[in-house]
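Notes follow the structure.
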Amino acid sequence: MAWIWSKTFSMSATASPAAARHRWGTTKKIRYVGKPLVFVLSLLPIGLIALRAFEITGTLGANPVEALMDHFGIWGLRFLIITLAVSPLRQVLGKPWPLQFRRMLGLFAYFYIMLHLATYLWLDQYFDAAAIIEDIIERPYITLGMSAVLMLTALAVTSPHAARRRLGKTWQQIHYLVYPAAILGVWHFWWQVKNDILEPLIYAVLLSGLLLWRLIKTRAHRSRINPT
Amino acid sequence: MLIKRADPIKPSEITSEAVYFNRRRFVQSAVAAGTLMLSGVACSKETATNTAYAGPGAGAASAPDSSSASFVADALGKLQPSKYSTREKVNSWEDVTTYNNFYEFGLDKSDPARNAQDLKTQPWSIDVSGEADNTGRFYLEDFISPHTLEERIYRLRCVEAWSMVIPWAGIELGQLIKRFQPTSKARYVEFKTLYDPDQMPGQRRRSLNWPYTEGLTMAEAMHPLTILAVGVFGKVLPNQNGAPLRLVVPWKYGFKSIKSIVSMKFTEKMPANSWAVAQPREYGFYANVNPQVDHPRWSQARERPIGEGLFAKKIPTRMFNGYADEVAHLYDGLDLVKNF
């Protein structure tokens, strides 16, 4: 009911010229204020760790490689979760503007995960191919992480609007990969914790919540289309 | 380019024994002459991170002025060198005292340095029980004073695949154990950490089965490499490092070296150590450093030396953490893959 009502409401709203002017204002606000703001905020995690790396605010501590890897990894996961929260947020607010930020947030998730991967490949393993391959084969949490990276790479390369237009329906299918990638990401985090699983548990609960929301919404949507 | 490049460690930077002992003698004579200007040398962050550790004596002058730990401070003034010390480059005070696994004070490695400062370590007593003739409750002072403190510079290899070189000050556990006259039934020694959630915030959650429990075979406990430490860098042990009394077993993964000990028990049965109880598939009773036996989730073949900067490569892990000549015979006939 609420869905139908909001549909009708938004249709009638676009019909009036006043509302059209308002929407034009929103688009401008998103383009010239919202997006730059989110962009700069999204750079904060790398800015803060850079200040520590250059010893301007504190240091990276006794194990700087671990500090970098953990920082980039956790921010990659956070951005992934934030990205997955965009659709539910749009539905809760009943407004389309959150969708405008989804691509940027997703690409920031990829950005931090790439930094996490680069720290592992370079500073942790020094591009030792044999050691890296052994890790991927024998350490389940690294196998999981690498699989997630492959999936997210497919999303990142198909993120431009041109790719979306060209791929048509396939695009959406590729982008469903974000769900298994996020699950693998949390799992990867969970499996490398020594004993106390509280922190990965928090991410697991958040992710489950976001996935459950989608499941319920899809069910509700289907039952509206095919009433039984 | 994001991060400053650290210079690679040159062999010349590792203090040679001759220089080390020379410096020691100089520092000791300086202390003897009443020159106490060295105070705070190892305390100040800048000097500690940029200057090589100058050996015992340097810190004795800068022991905390609280009378609580005064007898340890006095004993540290007479700290003796040991043939068991490695000549490898010692980590900085900063590394040793800010990168700690001590779950009683939090799970993050920076937590213990923050949360352990209010731990009351005086008075401190240790309960000695079990299969021994001379058992009872002993004040820390009675535990330590009959012995001469030795400086033992040991490698420390954590099960998480990182390592440090740390100049402990302590006594041989074997020498202490002789005083308790264990009976023929004593096959193991079990140790327990203080249980006090008021002082140890990490114990308010069951991240491990408290109190932290560890154990050694009698042969391991009597081995001359095994020490009970009361100091580090020639100074009284900081709380985050396991004050006032901790075990150091250099050929085993760090979690065997139990901190803030309040109980020692001689037993016939193998003690159930906390990590082996928490994750029996991943952590065993022996926990000997062994590059050939991987942790189920990560490799133990290499380790990250702490304090070598962002661009340091990992180094190969050595059998028994490099102490194979001294301890390998303890495990003759034991399957080290099964008894990990």
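The values are calculated or read from the model by the stated rules, or taken from the named source; none is laboratory data. Note that this is a predicted model, so its numbers are computed, not measured. Virtual Cβ from ideal backbone geometry, glycine too; neighbours counted across all protein chains shown. Heavy atoms of the whole protein, side chains included, go into the accessibility calculation; ligands, DNA and RNA do not. Shrake-Rupley method; radii C 1.70, N 1.55, O 1.52, S 1.80 Å.
The overall shape of the range B:57-206, judged from the alpha-carbon gyration tensor, is rounded, with an a/c ratio under 1.5. Taking a straight line from the alpha carbon of B:Lys269, these lysines sit under 17 Å away, with near neighbours fewer than eight places off in the same chain left out: B:Lys185, B:Lys192.
Please sort B:237-250, B:287-300 by packing, taking for each peptide the average over its residues of neighbouring beta carbons within 10 angstrom, highest first.
Highest to lowest by the protection proxy: B:237-250, B:287-300.
Only protein heavy atoms count here; on that basis, with a 1.4 Å probe, A:Leu212 has an accessible area of about 100 Å². Along the range B:257-270 the Karplus relation, 6.51 cos²θ - 1.76 cosθ + 1.60 evaluated at θ = phi - 60°, assigns HN-Hα couplings of 7, 5, 10, 6, 6, 10, 8, 9, 9, 8, 10, 8, 9, 5 Hz to successive residues, with x for each Gly and Pro.
Residue by residue along B:310-317, Cβ atoms of other protein chains within 10 Å of the local Cβ number 4 on average. For chain A, the normalised intensity computed at q = 0.08, 0.17 Å⁻¹ comes to -0.38, -1.39 (log10 of I(q)/I(0), Debye sum over alpha carbons, equal scatterers, no solvent).
Counting Cβ atoms of other protein chains within 10 Å of each residue's Cβ and taking the mean over peptide A:57-64 gives 6.
Starting from the Cα-Cα distance between A:Leu51 and A:Arg78, subtract it from 0.36 nm times their residue separation and give me the gain in nm to one decimal. Show your work: numbers first, answer last.
Details: separation 27, 0.36 × 27 = 9.72 nm, distance 2.05 nm.
So the extension gain works out to 7.7 nm.
The slack in the chain from A:Tyr176 to A:Arg164, taken as 0.36 nm per residue of separation less the alpha-carbon distance, amounts to 3.0 nm. What the phi angles of the range B:100-109 give under the Karplus curve with 6.51, -1.76 and 1.60, with θ = phi - 60°, is a coupling list of 10, 9, 8, 4, 4, 10, x, 8, 7, 5 Hz, glycine and proline written as x. If you plug the beta carbon distance of B:Tyr195 and A:Ile183 into 1/(1 + (r/R0)^6) with R0 = 51 Å, you get a FRET efficiency near 0.85. Rounded to the nearest 10 square angstrom, B:Met319 shows an accessible area of 50 square angstrom against a 1.4 Å probe.
With all protein chains in place and a 1.4 Å probe, the accessible surface of the range A:63-225 carries 69 percent carbon and sulfur.
Label separation (B:Ala272 vs A:Ala204): 2.4 nm, computed from points 7 Å beyond Cα along the C-beta direction. Per residue, the range A:63-225 exposes an accessible area of 53 Å² to a 1.4 Å probe, with every protein chain left in place.
So how much slack lies between A:Trp122 and A:Ile137, counting 0.36 nm per residue of separation and subtracting their Cα-Cα distance, in nm? Walk me through the intermediate numbers first.
Values: separation 15, 0.36 × 15 = 5.40 nm, distance 1.85 nm.
Extending this stretch completely gives an extra 3.5 nm.
What shape does the range B:81-331 take by its C-alpha gyration tensor, where a ≥ b ≥ c are the square roots of the eigenvalues and a/c under 1.5 counts as rounded, a/b above b/c as prolate, and the rest as oblate? Mind showing how you got there, number by number?
Details: a/c = 1.32, a/b = 1.21, b/c = 1.09.
Rounded is the answer for the range B:81-331, as its axis ratio a/c remains below 1.5.
When the surface is traced with a 1.4 Å probe over the full set of protein chains, A:Glu138 keeps roughly 100 Å² accessible.
Using a probe of 1.4 angstrom, how much of the accessible area of the range B:221-340 is carbon and sulfur, in percent? Heavy-atom surface of the range B:221-340 belonging to carbon and sulfur, 1.4 Å probe: 53 percent. Which of the lysines could a cross-linker bridge to A:Lys28, judged by Cα under 21 Å and excluding same-chain residues fewer than eight apart? Excluding near neighbours in sequence, the set is A:Lys95. Look at where the Cα atoms of the range A:120-177 and of the range B:292-339 average out, and the two centres are 32 Å apart. For B:Ile227, the residues 5 or more places off, or on other chains, whose built amide H falls under 5 Å of its own are B:Leu173, B:Val248. In the range B:76-122, comparing the full protein assembly with the chain on its own, the residues that lose 40 Å² or more of accessible surface at a 1.4 Å probe are B:Tyr99. The radius of gyration of the Cα set in the range A:163-228, together with its Dmax, comes out at 16.3, 49 angstrom. Remark: accessible surface ordering of B:Thr183, A:Thr119 (largest first) is B:Thr183, A:Thr119, probe radius 1.4 Å.
Computed from backbone phi, the HN-Hα couplings of the range B:77-85 come to x, 10, 4, 9, x, 9, 5, 7, 6 Hz, rounded to whole numbers (Karplus: 6.51 cos²θ - 1.76 cosθ + 1.60, θ = phi - 60°; Gly and Pro given as x). With a 10 Å cut-off around each Cβ of B:268-280, the average count of Cβ atoms from other chains is 1.
Can you give me the relative contact order of the range B:72-217 as a percent, contacts being Cα pairs under 8 Å and 6 or more apart?
So the answer I get is 27 percent.
Kyte-Doolittle cut-off -0.5, length cut-off 27 Å along the helix's own axis using Cα: show which whole DSSP H helices in chain A pass. Don't jump to the answer; show the numbers that get you there.
Numbers: long enough: A:35-53 (28 Å, 1.78); A:64-84 (30 Å, 1.12); A:198-225 (40 Å, 0.59).
Span-like helices here: A:35-53, A:64-84, A:198-225.
Model label sites at A:Leu44 and A:Thr153, defined 7 Å from Cα along the beta-carbon direction, differ in position by 3.2 nm. Excluding residues fewer than 8 places away in the same chain, name every one of the aspartates and glutamates whose C-alpha is closer than 18 Å to that of B:Lys265. Candidates past the 8-residue exclusion: B:Asp127, B:Glu131, B:Asp133, B:Asp142, B:Glu172, B:Glu190, B:Glu214, B:Glu220.
Using a 1.4 Å probe over protein heavy atoms, the accessible area lost on pairing B with A, summed over both chains, comes to approximately 2700 Å².
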